[in-house]
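A.B. asks: Got a structure for you, written out below as structure tokens; questions coming shortly.
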Amino acid sequence: MTTPVRRAGVFAALCTLSLAVPLFGPRVGAAVAGVVLLGAYVITDGPLFDLLAYPGDYEDSRLYGLITFVLSGVALGLMATAASMPVAVFVGTILLVGFGNLGEQLVKLRTDRTVVCVVGFALSATAAAIVGQLVTHSLVGDAVGSALPIVVFLAASGAFLAALLRDVLLRSDDPIVVLSVGLLLWLLAELEPTIGTTEVAIALAITVALGFASYALETASVAGMLTGVLLALLTIVLGGYGWFAVLISFFAIGGLSTKFRYDRKAELGVAEDNNGARGSGNVLGNAAVALVAVLGYAASDAGFLPRDPELFLFAFAGSIATAMSDTLSSEIGSVFETPRLITTLEPVDPGTDGGVTWQGELAGIAGATIVAAIAYGLFPEVRTGGAAIIVAAGVVGMTVDSLLGATLEGTVLGNQGVNFLATLSGAIASALLVLSFAMFG
């Protein structure tokens, strides 16, 4: 057995000590954490140090990786005892990261393929989080059967987020992963989504299948696949399949549009890197606002926000319409050699930030129309006027993207920042138009 596997096994064993909180109470759990921290501080060399040390720990002969990991667990433990974080979320998060890492290291004994290692991490993490939460529910006297659907949902959501963060961060950044996963699962638990075991199983099957399809078709990198799967799962559970249909229309059509005349784009120097496969930054830049809208809808529906949930539906559709419009206008318009800068209408080279073509503008309007048509067909709240609002919001967002590209991109903002602000403007435009029609219509 290799050193990484042994180290992961020890970390996983230490993670099981988090069960001391539901078993014996927070004081005993704090004492256990204190003992582990003291041991990590005292051990400065020898075989045990070599077993637990990350490469960076050798410089100062301190087990900083273990120390920061335990401290992140202590921070979550304080939230579980002094705030409203469920103890099951605390235990599930700690076990998720620890045993997910062990599963990944075991897979690496046979293959170094990134996607296979990610699958090993996600499966191990999900299983550990499910077991940890169910054991905790049992220990504190909660009904285990009724909690199973939300337990599976939280475990899978946490596993996807952890796998994504570990793909883009360093392996020694597990404390960041622990805190991020714990906070997300706390938020999701507070929203109390109503979902049955069958529904969560179907949602997982659909999102995972589409995630692998996007990776196999080379429309998304591993990180992009994980981001898309997480967003899709949250959208289905917190919004519904109608929301998912709107979201997936962007991923599918937008992803395929990157392949449109790809060789020609490569000749012009405007093709997406990595053979058009979109990474996590690109996915989040285009869909982060949509995710916030989904969370806002769930929070409003649960009574945490005073706004009408319908407002968040239109914000969601407006942001996706913007993402679709911008993607299609860029991917289709970029193959034409006569773009003009949107601010001055002067001819510019293909690929210039802020450059537009009439063909791209038409493609962008068509993209917004597709999103509006899907929303019109799936949501009774989106009547003819609502569909027109979504199209208008998409065009507004696409225009803002071009204006930001011509003025701020490359100096103040990067591409993902421009995408985020554009989709935000589309969401705000859609929401404001809905409020205006409700007030004066």
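The values are calculated or read from the model by the stated rules, or taken from the named source; none is laboratory data. Quantities reported herein were computed from a predicted structural model and do not represent experimental measurements. When we count neighbours, we look across all protein chains shown, and the Cβ atoms used for this are built from the backbone with ideal geometry, even at glycine. All accessible areas refer to the heavy atoms of the entire protein, side chains included, with ligands and DNA or RNA removed. Shrake-Rupley method; radii C 1.70, N 1.55, O 1.52, S 1.80 Å.
A.B. asks: Counting other Cβ atoms within 10 Å, keep those with at most 16, restrict to DSSP loop, and tell me which chymotrypsin sites (Phe, Trp or Tyr not before Pro) in the stretch 289-318 are left.
C.D. replies: Numbers: sites: Y297, F304, F312, F314, F316; in loops: F304.
Within the stretch 289-318, the qualifying chymotrypsin sites (Phe, Trp or Tyr not before Pro) (loop, at most 16 other Cβ atoms within 10 Å) are F304.
A.B. asks: Explain nothing, just the number: relative contact order of the stretch 1-94, from Cα pairs under 8 Å at least 6 residues apart, as a whole percent. Let's see the in-between values first.
C.D. replies: Details: 68 pairs, mean separation 24.9, N = 94.
Reported as a whole number, the value is 27 percent.
A.B. asks: Within the stretch 369-403, whose backbone N sits under 19 Å from a point 7 Å along Cα→Cβ of D308?
C.D. replies: 375-393
A.B. asks: With the dipole of the chain worked out from charges on the C-beta (+1 for Lys and Arg, -1 for Asp and Glu) around the Cα centre, which of A13, A406, S157 lies farthest toward the positive end?
C.D. replies: A13
A.B. asks: I need the peptides 30-36, 83-89, 120-126, 224-230 ranked by packing, meaning the mean over residues of other C-beta atoms within 10 angstrom, with the highest value on top. Can you show the working numbers first?
C.D. replies: Details: 30-36: 15.6, 83-89: 19.7, 120-126: 24.1, 224-230: 27.4.
Taking the mean over residues of other Cβ atoms within 10 Å, the ranking is 224-230, 120-126, 83-89, 30-36.
A.B. asks: Once you keep just the Cα pairs under 8 angstrom separated by 6 or more residues, what percentage relative contact order results for the chain? Please list the in-between numbers first.
C.D. replies: Working: 688 pairs, mean separation 49.4, N = 441.
That works out to 11 percent.
A.B. asks: Please name which of P306, T384, P339 has its Cα lying farthest along the dipole of the chain towards the positive end, using unit charges on Cβ (Lys, Arg +1; Asp, Glu -1) and the Cα centre as origin.
C.D. replies: The listed residue farthest towards the positive side: P306.
A.B. asks: Taking θ as phi - 60°, what are the ³J(HN,Hα) couplings along the stretch 182-194 by the Karplus curve (6.51, -1.76, 1.60), each to the nearest whole Hz, with x for Gly and Pro?
C.D. replies: Whole-Hz 3J(HN,Hα) from phi for the stretch 182-194: x, 5, 4, 5, 4, 4, 5, 5, 5, 6, 6, x, 8.
A.B. asks: Compute the accessible area per residue over the chain, keeping the other protein chains in place, probe 1.4 Å, unit Å².
C.D. replies: Numbers: 19160 Å² over 441 residues.
That works out to 43 Å² for each residue.
A.B. asks: Select from the stretch 80-160 those trypsin sites (Lys or Arg not before Pro) which occupy a DSSP coil region and have at most 13 other Cβ atoms within 10 Å, ordered by residue number.
C.D. replies: On the way: sites: K108, R110, R113; in loops: R110, R113.
In loop regions of the stretch 80-160 (DSSP not H, G, I, E or B), the sparsely surrounded trypsin sites (Lys or Arg not before Pro) are R110, R113.
A.B. asks: Okay, next question. Leaving ligands, DNA and RNA out of it, report the carbon-plus-sulfur percent of the accessible area of the stretch 326-398 at a 1.4 Å probe. Intermediate results must be reported in sequence, preceding the final value.
C.D. replies: Details: 2170 of 3410 Å².
Carbon and sulfur: 64 percent of the exposed surface of the stretch 326-398.
A.B. asks: Mean-square fluctuation check for the chain, GNM, Cα pairs under 10 Å: which of L102, L217, L52 is largest?
C.D. replies: Between L102, L217, L52, it is L217 that shows the largest mean-square fluctuation.
A.B. asks: Apply the Karplus curve 6.51 cos²θ - 1.76 cosθ + 1.60, θ = phi - 60°, to the phi angles in the stretch 347-361 and return the couplings in whole Hz, x for Gly and Pro.
C.D. replies: Residue by residue, the stretch 347-361 yields x, 9, 6, x, x, 5, 4, x, x, 10, 10, 5, 5, x, 5 Hz.
A.B. asks: What does the charge dipole of the chain about its Cα centre add up to, to the nearest 20 debye, if the Cβ of each Lys and Arg holds +1 and the Cβ of each Asp and Glu holds -1? Walk me through the numbers on the way to the answer.
C.D. replies: Numbers: 17 positive and 32 negative charges, 165 e Å.
Dipole about the Cα centre, nearest 20: 800 debye.
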